[in-house]
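Asker: One structure is given below, represented as structure tokens, and several questions about it will come after.
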Amino acid sequence: MTPSVYISVEESARELAAKLLLSAILAERGFTVVLGQQWLLNDNLFHLPAGFVLFKGNNAIQHHHMRVAKRAGHMVGSIEEEALMVTDENELRRLYDTGVAGTCDLFLAHGTALRDLLAKWFPGIATKTEVTGNPRIDFLRPEFLHDTKAEGARIRREFGRFVLFNLNYATINSAHGDVLSYFDVCVNAKIYKPDDSTDERLFRELVQWEYDNLGAMTAAIDWLERNATGVGIVVRPHPSERFEVWQRALSGRPRVRLVRGGSHLPWTMASEIMVHTSCTTGAEAFLAGHQAVSLCPSDNALTFGFLSNLVNPTFRTPEEACRYVMARLDGGGASARHDDTYTQVLDHHLAARTGKLAAERIADAIEQHLPAPSPAAAAAWSVGKGFRTQRALHIGQAHKMVETQDDIQASLASLQQTLRRFDGLSVTPLGRSLFCVTRS
Amino acid sequence: MATDSRDVTDRVAALVQAGRIAEAAQIHLAAGKSRYQAKQFREAEAHLRSAVGLRSDSAEARFLLARSLAYLDRPEEAEAELTAALTLRPGWQEAHFFLGGSFFARRMYGEAVPHLFRAIALNPGWARAHLALGRTLFRLERYAEADSILNLAVALEPGHAKKVEYLHFTLTAERLAAFLDRPPARDAVGGRPGLTAP
């Protein structure tokens, strides 16, 4: 085992900044860190010195690669990116593949709630579970929001006052092309079993729920377009949705502007208020101190499985939600942090919102599993024969993690400026969207 | 059947030296097929490329090479081999089917359609090919044609009914526009009709 950490990224828009922060902390401690595109990293597991591989999840696909990593001599850990902001036990349980408890050496839990569930599902794993929080939440702390707010101010100068509608219909409007393709992806990841009647019912409920939410959201957009003057309407589809469907449907509506790509947060911060339908962005907005409301038109159990709906005001009908939005535009209504119960709920689900960074806590947990770093070990580190620098990607994968060395350097420079640390770290490309981060 | 790579290499070298090229190619083909069936696609590729190198007119070697390349996520190379296989053996329904499927996966729906039409023309009872063609036409928003083909797919294989139903759950631009263009209800916006899955 060498003091090396391999950190895979699936969606750069979602995870890269957080995992770069973790990489920088580990590199600062002297570890050799490889960060980047999960598919290329997985291809190279046998061609990297034995170390610790951090996976982004625990589904069947991730579990398969964990087993490969173990065969290649690595230790493995996971941070369940899909579980962040999810509270429903059934939804969380399906993210963890059967047998993963026996394979994974370290489970990182976002909060005590997830830790308790892991202990319930997999008795005996308490010793390999750490409550660390998630570094994505680190970026919602005041010290990290400076750049976000600056970007938000730029957006506001360009767009003026607006209400933001954050969409999340990635099942019925999947970037995979159609609902059947999305279902196939879920089956492949063993999230759903194709011939299981319970799973079939749950999938149909998910589709129905998204259509219910879509209906309410389009009605809210329409209501605000008709009734709110002096304020713009910005619609931001989820990055995993087919953008062109919205583009076509919203053409001919001059008051509605459609935006895509990048982090939602600058847009959220630039908005007067953000409207969503049980989207994780609602909880992020709350954590960032910004007002958001959730439209919850149906009694579907899914509605109650998201943290956002526990920390944002929720409304049954579009009209109620829009009237609340209008009141906020006029300066009325409650502030984002009006209810202490919201904070108490968060405490159970999200650790490390203050004090030591979540990324720092994860680095602590990983460090326990590795030999102490040393200049000699760092100097001796090299990729093995057969290491691949690129691979072909499916069309659905190709856009998810595309980063250059300049991109990573710029992000690192931003971290350096924000935290006033990480001087002397260097970033070396190992392959396409795959980088080595080390202390010089 | 020779499947050990070293054994294959030795035997092929001897055969090539003796000028028995067809037999040498056949050994590589058999080894490639064996590796392909064992899901050892990189090894399969190596053998099948050797087979094609020795006998460029081997449609079977090109077809299996294409399938291996597809599993290795190299669709463009796979398509080139399938095209070559079809030149050698026109009317090969599986080659048309997989070529159409590869274009579909790369969202080249216009290129996929003729191959999938050809596949079902060659085998009108092939439910899976009907489903693939129906999905492709659906993506092209040729909904009436898609429905007709998808109905046939279900008639041929009732087990496809759920897949077709899921396909129809997809939000289309027209369906979304209908949501947006609905006139508001008199009392409450939330009371609008039709806010349900199709």
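Rule-based calculations on the coordinates, nothing more; no lab input. In this text, all values refer to a predicted model and were calculated from it rather than measured experimentally. All Cβ positions, glycine included, derive from the backbone under ideal geometry; neighbour counts span all protein chains shown.
Asker: Farthest toward the dipole's positive end in region A:142-349, which of A:SER294, A:LEU167, A:GLY232, given Cβ charges of +1 (Lys, Arg) and -1 (Asp, Glu) about the Cα centre?
Answerer: A:GLY232
Asker: Mind pulling the angle between the C-alpha long axis of helix A:197-227 and the longest principal axis of chain A? Nearest 10 degrees, somewhere in 0 to 90.
Answerer: 50
Asker: Same structure, new question: Given the options A:LEU295, A:LEU167, A:LEU419, state which has the largest fluctuation in a GNM of chain A using a 10 Å cut-off (strictly under) for Cα springs.
Answerer: Ranking A:LEU295, A:LEU167, A:LEU419 by mean-square fluctuation puts A:LEU419 first.
Asker: Show log10 I(q)/I(0) for region A:142-349 at q = 0.12, 0.19 Å⁻¹, two decimals, from a solvent-free Debye sum over equal Cα scatterers.
Answerer: -0.63, -1.47
Asker: At a 10 angstrom cut-off on C-beta neighbours, averaged per residue, how do the peptides A:50-58, B:31-39 rank from highest to lowest?
Answerer: Numbers: A:50-58: 23.9, B:31-39: 18.6.
Ranking the peptides A:50-58, B:31-39 by packing returns A:50-58, B:31-39.
Asker: Counting only other chains, what is the mean number of Cβ atoms within 10 angstrom of the Cβ of each residue in peptide A:311-323?
Answerer: On the way: counts 0, 0, 0, 0, 1, 2, 5, 6, 7, 3, 2, 1, 0.
So the per-residue partner count for this stretch is 2.
Asker: Let me ask you something else. Just checking the output field for A:39-51: average partner chain Cβ neighbours within 10 Å of each residue's Cβ?
Answerer: Working: counts 1, 0, 0, 0, 1, 0, 0, 0, 0, 0, 0, 0, 0.
That average works out to 0.
Asker: Here's something else I'd like to know. With the contact rule set at Cα under 8 Å and sequence spacing of 6 or more, what percent relative contact order holds for chain A?
Answerer: On the way: 794 pairs, mean separation 111.8, N = 440.
Here the relative contact order equals 25 percent.
Asker: Measure nothing but the geometry: give the 0 to 90° angle between the long axis through the Cα atoms of A:318-329 and the longest principal axis through the Cα atoms of chain A, rounded to 10°.
Answerer: 90
Asker: Each label point is 7 Å from the Cα along the Cα-to-Cβ direction; what then is the distance between the points at A:VAL259 and A:ASP423, in nm?
Answerer: So the label points at A:VAL259 and A:ASP423 sit 3.6 nm apart.
Asker: For chain B, what is the mean residue ellipticity at 222 nm derived from helices alone (per DSSP H run of n ≥ 4: -39500 (n - 2.57); sum divided by total residues; nearest 500 deg cm²/dmol)?
Answerer: Details: 11 runs with 142 residues, N = 198.
Per the formula, -22500 deg cm²/dmol.
Asker: A further question on this structure: Quick one: what Rg and Dmax do you get for the protein assembly as shown from the alpha carbons, in Å?
Answerer: Both quantities, over Cα of the protein assembly as shown: 26.9, 92 Å.
Asker: What does the helix-only formula give at 222 nm for chain A: each DSSP H stretch with n ≥ 4 adding -39500 (n - 2.57), the total divided by the residues, and the result rounded to the nearest 500 deg cm²/dmol? Intermediate values should be presented prior to the final figure.
Answerer: Values: 20 runs with 192 residues, N = 440.
Calculated from helices alone, the mean residue ellipticity at 222 nm is -12500 deg cm²/dmol.
Asker: Right, another one. Taking the radius of gyration and the Kirkwood hydrodynamic radius from Cα positions alone, what is the Rg/Rh ratio for chain B, to two decimal places?
Answerer: Working: Rg = 23.2 Å, Rh = 19.4 Å.
Rg/Rh for chain B comes to 1.19.
Asker: Note down the net charge around A:ASN59, summing +1 for each Lys or Arg and -1 for each Asp or Glu among other residues with Cβ under 15 Å from its Cβ. List each step's numbers first, then the result.
Answerer: Working: positive: A:LYS56, A:ARG67, A:ARG93, A:ARG94, A:LYS190, A:LYS193; negative: A:GLU10, A:GLU11, A:GLU80, A:GLU81, A:GLU82, A:GLU91, A:ASP97, A:ASP184, A:ASP199.
Neighbour charge sum, excluding A:ASN59 itself: -3.
Asker: Could you give the nm distance between label points at A:THR404 and B:GLU23, where each point is 7 Å from its Cα heading toward the beta carbon?
Answerer: Between A:THR404 and B:GLU23, the simple spin-label model gives 5.7 nm.
Asker: Further question on the same structure: Would you mind calculating the relative contact order of region B:91-181 from Cα pairs under 8 angstrom and at least 6 residues apart, reporting the percent as a whole number? Write out the running numbers ahead of the final one.
Answerer: Values: 92 pairs, mean separation 18.9, N = 91.
Averaging sequence separation for qualifying contacts and normalising by length gives 21 percent for region B:91-181.
Asker: Roughly how big is chain A's charge dipole about its Cα centre, with Cβ charges of +1 (Lys, Arg) and -1 (Asp, Glu), in debye to the nearest 20?
Answerer: Values: 46 positive and 49 negative charges, 196 e Å.
About 940 debye.
Asker: Treating the angle as unsigned and between 0 and 90°, give the value, to the nearest 10°, between the Cα long axis of helix B:75-88 and the longest Cα principal axis of chain B.
Answerer: 70
Asker: Pull up all non-local amide H partners of A:VAL53: gap of 5 or more, or a different chain, and H-to-H distance under 5 Å with H placed in the peptide plane.
Answerer: Residues meeting the criterion, in which the H sits 1.01 Å from N, are A:TYR6, A:MET75, A:VAL76, A:GLY77.
Asker: So, one more: Report the relative contact order of chain B, percent, no decimals, based on alpha-carbon pairs under 8 angstrom and at least 6 residues apart. The partial results should precede the final answer.
Answerer: Details: 233 pairs, mean separation 19.2, N = 198.
After rounding, I find 10 percent.
Asker: What value in Å³ per residue do you get for the convex hull of the alpha-carbon atoms in region B:1-88? If you can, show how the numbers build up before the last one.
Answerer: Numbers: hull volume 6.2 nm³, N = 88.
Taking only Cα atoms, region B:1-88 has a hull volume of 71 Å³ per residue.
Asker: Let me ask something else about it. Using the Karplus curve 6.51 cos²θ - 1.76 cosθ + 1.60 with θ = phi - 60°, work out ³J(HN,Hα) for each residue of region B:141-150 in order, rounded to whole Hz, and write x for Gly and Pro.
Answerer: Working through the residues one at a time gives 6, 8, 5, 5, 5, 4, 4, 4, 5, 5 Hz.
Asker: Among B:HIS168, A:HIS74, A:HIS146, what is the fewest-to-most ranking by other Cβ atoms within 10 Å?
Answerer: Details: B:HIS168 18, A:HIS74 24, A:HIS146 12.
The most exposed by this proxy come first: A:HIS146, B:HIS168, A:HIS74.
Asker: Using the Karplus equation 6.51 cos²θ - 1.76 cosθ + 1.60 (θ = phi - 60°), what ³J(HN,Hα) coupling, rounded to whole Hz, does each residue of region A:268-283 give in order, writing x for Gly and Pro?
Answerer: Per-residue couplings from phi come out as 4, 5, 6, 6, 5, 6, 10, 10, 8, 10, 6, 9, 4, 4, x, 5 Hz.
Asker: Looking at chain A, what % of its DSSP beta bridges pair antiparallel, to the nearest 5? Please list the in-between numbers first.
Answerer: Working: 12 of 48 bridges.
Of the beta bridges lying entirely in chain A, close to 25 percent run antiparallel.
Asker: Top mean-square fluctuation among A:HIS276, A:HIS47, A:HIS65, Gaussian network model of chain A, C-alpha springs under 10 Å?
Answerer: Its mean-square fluctuation being the largest, the pick is A:HIS47.
Asker: In what sequence, highest mean first, do A:147-155, A:315-323, A:4-12 appear when ranked by Cβ atoms within 10 angstrom?
Answerer: Numbers: A:147-155: 15.9, A:315-323: 21.4, A:4-12: 23.6.
Going by the mean number of other Cβ atoms within 10 Å, highest first, we get A:4-12, A:315-323, A:147-155.
Asker: In the protein assembly as shown, with Lys and Arg counted as +1 and Asp and Glu as -1 at Cβ, which of these residues, B:ALA105, B:HIS28, A:PHE183, has the Cα nearest the positive end of the dipole, that is, farthest along it?
Answerer: Of B:ALA105, B:HIS28, A:PHE183, it is B:HIS28.
Asker: Measure off 7 Å from each Cα along the Cα-to-Cβ vector at A:PHE387 and A:ARG161, then give the distance between these two points in nanometres to one decimal.
Answerer: Each label point is offset 7 Å from its Cα along the Cβ direction, giving 5.6 nm.
Asker: Send over the semi-axes of region B:91-181's equivalent ellipsoid, whole angstrom and largest first, taken as the square roots of 5 times the C-alpha gyration tensor eigenvalues. Intermediate results must be reported in sequence, preceding the final value.
Answerer: Numbers: eigenvalues 114, 48, 17 Å².
Three semi-axes, in Å: 24, 16, 9.
Asker: Say we join alpha carbon atoms closer than 10 Å with springs in a Gaussian network model of chain A; which of A:GLU205, A:GLU130, A:GLU28 then has the biggest fluctuation?
Answerer: A:GLU205
Asker: For a quick check: with amide H placed at 1.01 Å from N, whose amide H comes under 5 Å from A:VAL86's, ignoring anything fewer than 5 positions away on the same chain?
Answerer: Result for A:VAL86 returns A:LEU307.
Asker: Give me a comma-separated list of calculated 3J(HN,Hα) values for region A:416-422, in order, Karplus coefficients 6.51, -1.76, 1.60 applied at θ = phi - 60°, integers in Hz, x for any Gly or Pro.
Answerer: Per-residue couplings from phi come out as 4, 5, 5, 9, 6, 8, 6 Hz.
Asker: How much net charge surrounds A:ARG388 when only other residues with a Cβ under 15 Å from its Cβ are counted (Lys, Arg +1; Asp, Glu -1)?
Answerer: Working: positive: A:LYS385, A:ARG391, A:ARG432, B:ARG42, B:ARG74; negative: A:ASP43, B:GLU45, B:ASP73.
Combined, the nearby Lys, Arg, Asp and Glu give +2.
Asker: Further, regarding this structure: With r as the distance between the Cβ atoms of B:GLN37 and B:ASP10 and R0 = 25 Å, compute the FRET efficiency 1/(1 + (r/R0)^6) and round to 0.05. Display every interim value, and only then the final one.
Answerer: Values: r = 23 Å, r/R0 = 0.90.
Working from the Cβ atoms, E equals 0.65.
Asker: Okay, next question. Report, as an integer, the average count of C-beta atoms from other chains found within 10 Å of each Cβ along A:216-224.
Answerer: The mean count of partner-chain Cβ atoms within 10 Å per residue comes to 5.
Asker: Right, something else. Can you tell me what share of the DSSP beta bridges in region A:142-349 is antiparallel? A percent to the nearest 5 is fine.
Answerer: Details: 1 of 17 bridges.
For region A:142-349, the DSSP antiparallel bridge percentage is about 5.
Asker: Related question: Of A:ALA60, A:VAL5, A:PRO49, which is farthest along the charge dipole of region A:1-127 in the positive direction, counting Lys and Arg as +1 and Asp and Glu as -1 at C-beta?
Answerer: Going by the charge dipole, the pick is A:PRO49.
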